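Remarks on the structure that follows.
The values are calculated or read from the model by the stated rules, or taken from the named source; none is laboratory data. In this text the structure is predicted, and so the values were computed from the model without any measurement. Don't worry about glycine lacking a Cβ; one is built from the backbone with ideal geometry, like all the others, and counts go over all protein chains shown.
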Amino acid sequence: MSGYNVAPLENLVEQFERMPGIGNKTAQRLAYYVLNLSKTEAEQLAGAVMDAHTKIHYCSKCCNLTDKDLCPVCANPARNHSVICVVETPRDATAIENTHEFKGVYHVLHGSISPLNGIGPDNLTIKELLSRLNEESVEEVIMATNPTVEGDATALYISKLLKPLGVKVTRLAYGIPVGGDLEYADEYTLAKALEGRNEI
């Protein structure tokens, strides 16, 4: 912000700008919104941020976010604990959970293998996944990493580790979105759709 400088306001805008997907204009709107809050509302907002920061940690089993030892999915005996869906982020687990189709449990890697960004297998929660397979009777591991070069490399790396353990490893099917037109799909998406075709 230039011209009319108020240091605490500038600092607030800068903090919002550091958030993913927030540009300068949106950061300014958020800062002015916060300034217009009552003292009680501002304290509640600050308290919610600090609460989330201090109370949320990784589930001791699946590495998803929770405020208890086990997340609600791992703690639920009605879930199928013999099927583990491996995802890159907690947001991915939430997206799958919102379909209400998956009845198994999750394992969150917190990233994908990306040598260019200095992220190797040791930076992910792969060891934790392997220890789960030794402790639990797991029949299938679904690799639900993103359909990117890094996501595919991560899925391949983990599947090579799991195959000798006699665990069935599957990959999420991907290709043409429902309601999409073939003419607008890129070659990679079309190729993957052809690869993953099913009998009807």
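Which members of the stretch 156-197 meet the condition of being out of contact with any Leu (no Cβ under 9 Å at 6 or more places or on another chain), farther than 20 Å from GLU140 by Cα and part of a loop (DSSP other than H, G, I, E, B)?
PRO177, VAL178, GLY179, GLY180, ASP181, ALA185, ASP186, ARG197
Only one of GLY175, GLY179, GLY151 is in the same structural domain as GLU88 (by TED's automatic domain parsing), farther than 24 Å from ILE119 by Cα and crowded, with 17+ Cβ neighbours inside 10 Å; which?
Testing whether each residue is in the same structural domain as GLU88 (by TED's automatic domain parsing), farther than 24 Å from ILE119 by Cα and crowded, with 17+ Cβ neighbours inside 10 Å leaves just GLY175.
Considering each of LEU124, LEU130 in turn, give the residue that is of a type in the set (A, V, I, L, M, F, W, C) and either under 22 Å from ALA78 (Cβ atoms) or buried (at least 16 other Cβ atoms within 10 Å of the Cβ) (or both).
LEU124
Out of the residues in the stretch 59-84 meeting the condition of being in contact (Cβ under 8 Å) with a residue 12 or more places away in the chain and part of a strand (DSSP E or B), tell me which one is farthest from VAL167 (Cα to Cα).
LEU65
Could we say that ASP186 is acidic (Asp, Glu) and over 22 Å from the mean Cα position of the chain (by Cα) here?
yes
Given the criteria surrounded by 13 or more Cβ atoms within 10 Å (Cβ to Cβ), in contact (Cβ under 8 Å) with a residue 60 or more places away in the chain and among the hydrophobic types (A, V, I, L, M, F, W, C), does ILE158 qualify?
Yes.
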